[in-house]
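Report on the structure given below.
Taken together, the values in this text are just the output of simple stated rules run on the coordinates, not laboratory data. Computed from a prediction, not measured in an experiment: that's the story for all the values here. Because the Cβ atoms are built from the backbone with ideal geometry, glycine has one as well, and the counts that use them run over all protein chains shown.
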């Protein structure tokens, strides 16, 4: 479905609460995308399953996965992957420790000692978020 600018602006206004949530979803990962690009991405996703404007999923990881697959490739950092080792903290708590590449930590504005959460995403990947940054 190809929409005119006028139609995209109308959708952005009609679903402004969705646009805000999508922007918040992308922000912790350092993704920058315009509202118009979000409208294009979401309408592309919606039209792939023969729908108009789909309601956003409640699950943060699912929403992020959909957005990263449908946003403009120049804005999509989805292809960036880092291989890291997971180690047991060794203190009997069951906590795990991962060392993230410094470029990732700097880009995200994280600091040593930040608490993170992770969840499995489609394709066998794991999404890591700083605790409190999730949607």
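Computed from these coordinates, which is log10 I(q)/I(0) by the Debye sum over Cα atoms at q = 0.08, 0.11, 0.17 Å⁻¹: [x] -0.53, -0.71, -1.11; [y] -0.22, -0.41, -0.95; [z] -0.26, -0.46, -0.95?
Matching the structure shown: [z].
Pairing the Cα long axis of helix 35-48 with the longest principal axis of the chain, what angle in degrees results, from 0 to 90 and rounded to the nearest 10?
It works out to around 80 degrees.
At what distance in nm do the modelled label points of residue 104 and residue 21 sit from each other, each positioned 7 Å from its Cα along Cα→Cβ?
Roughly 2.7 nm, to one decimal.
I need to check one value: relative contact order of the chain, counting alpha carbon pairs closer than 8 Å and at least 6 residues apart, in percent.
Working: 123 pairs, mean separation 29.9, N = 135.
Over the chain, the number comes to 22 percent.
Please give the calculated 222 nm ellipticity per residue for the chain, where each DSSP H segment of at least 4 residues contributes -39500 (n - 2.57) and the sum is spread over every residue; nearest 500 deg cm²/dmol?
That calculation yields -11500 deg cm²/dmol at 222 nm.
Using r as the Cβ-Cβ distance of residue 50 and residue 116, and R0 as 41 Å, what FRET efficiency do you calculate, to the nearest 0.05? Please report the intermediate quantities before stating the final value.
On the way: r = 37 Å, r/R0 = 0.91.
Efficiency for this residue pair is about 0.65.
How far apart, in nanometres, would the label points at residue 13 and residue 96 be if each is projected 7 angstrom from Cα along the Cα-to-Cβ direction?
Each label point lies 7 Å from its Cα, and together they span 4.7 nm.
Please rank 116, 86, fewest neighbouring Cβ atoms within 10 Å first, as an exposure proxy.
86, 116
Please work out whether the stretch 5-75 counts as rounded, prolate or oblate from its C-alpha gyration tensor, where a ≥ b ≥ c are the square roots of the eigenvalues and a/c under 1.5 means rounded, while otherwise a/b larger than b/c means prolate and anything else oblate? Walk me through the intermediate numbers first.
Values: a/c = 1.39, a/b = 1.23, b/c = 1.13.
Here the stretch 5-75 falls in the rounded category.
Sort 129, 64, 5 by Cβ crowding within 10 Å, fewest neighbours at the top.
The most exposed by this proxy come first: 5, 129, 64.
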